[in-house]
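Throughout, read-outs are computed from the coordinates displayed, never taken from laboratory work. Remember, it's a predicted structure, so these values are computed and weren't measured experimentally. Cβ atoms come from the backbone with ideal geometry, glycine included; neighbour counts cover every protein chain shown.
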Amino acid sequence: MKFLDIGEVAALSGTKPSALRYYEEAGLIASVSRHGLRRQFPPEVLLQLKLIAMGKSAGFTLEEIAGMFGDNGAPDLPRDILREKANQIDRQIHELTALRDTLRHVADCPAPSHMECPTFRRLVDLAGKRGGKHKSSATRK
């Protein structure tokens with residue numbers, strides 16, 4: 001089996017060598033040997049790095065991502081956690097879509113003042129009600 005040195009992994013994955021060393025320290029990836037001072041990785045590390053990038057994009061912490069790899073480094077993806085994260089992203093998409101629509105309305109509203117626009121005032125009221133729902137119990141005291 002041909003191993004990839006840290007420079008090759010960095011070039012092929014677009015991940016900086018410093019991040020690769022950090023991921024190794026965190027237990028996300030593992031080098032198998034060294035060639036001189038350069039770490040050597042199995043080719044499978046490229047798949048692991050793609051999964052790490054996808055997990056980070058989805059909002060998982062590195063600790064959560066580390067838990068998605070088995071002892072041998074193979075993906076062991078918890079479907080229930082992935083489903084819940086997808087549901088959270090759906091909620092975020094809905095909220096961002098509403099925010100986008102509000103901003104477009106504000107930008108295009110023909111009223112002389114936004115405060116004179118009934119649609120704007122209704123949207124602000126709705127946004128205020130939604131914002132209160134997302135505060136944690138610690139901040140609602």
Fill in: Segment Lys2-Arg79, extension gain: residue separation times 0.36 nm, minus the distance between their alpha carbons
24.5 nm
Discussion item. Quick check: pseudo-label points 7 Å beyond the Cα along Cα→Cβ at Asp125 and Asp71, how many nm apart are they?
Written reply: 6.1 nm
Discussion item. Explain nothing, just the number: dipole magnitude of the chain about its Cα centre with +1 on each Lys and Arg Cβ and -1 on each Asp and Glu Cβ, in debye rounded to the nearest 20.
Written reply: 480 debye
Discussion item. Tell me the net charge near Val106. Cut-off is 15 Å between Cβ atoms, Val106 excluded, with +1 for each Lys or Arg and -1 for each Asp or Glu.
Written reply: 0
Worksheet item: For segment 21-109, which chymotrypsin sites (Phe, Trp or Tyr not before Pro) are both in a DSSP coil and crowded by at most 14 other Cβ atoms within 10 Å?
Response: none
Practice prompt. Specify the angular offset, from 0 to 90 degrees and rounded to the nearest 10, of the alpha carbon long axis of helix 118-133 from the longest principal axis of the alpha carbons in the chain.
Written response: 50 degrees
Discussion item. I need the calculated FRET efficiency for the pair Ala26 and Thr97, taking r as the beta carbon distance and R₀ as 35 Å, to the nearest 0.05.
Written reply: 0.50
Practice prompt. Please give every one of the lysines within straight-line cross-link reach of Lys129, meaning a C-alpha to C-alpha distance under 23 Å, and leave out same-chain neighbours fewer than 8 residues apart.
Written response: Lys141
Worksheet, complete the sentence: Candidates for percent of Cα pairs over 21 Å apart are (i) 45; (ii) 50; (iii) 60, and the calculated one carries label (iii)
Response to the item:
Listed by chain and number, the aspartates and glutamates with an alpha carbon less than 13 angstrom from that of Lys85, same-chain partners under 8 positions apart left out, are Glu64
Discussion item. Which aspartates and glutamates, if any, have their Cα less than 20 Å from the Cα of Lys16, not counting same-chain residues under 8 positions apart?
Written reply: Asp5, Glu8, Glu24, Glu25, Glu44, Glu63
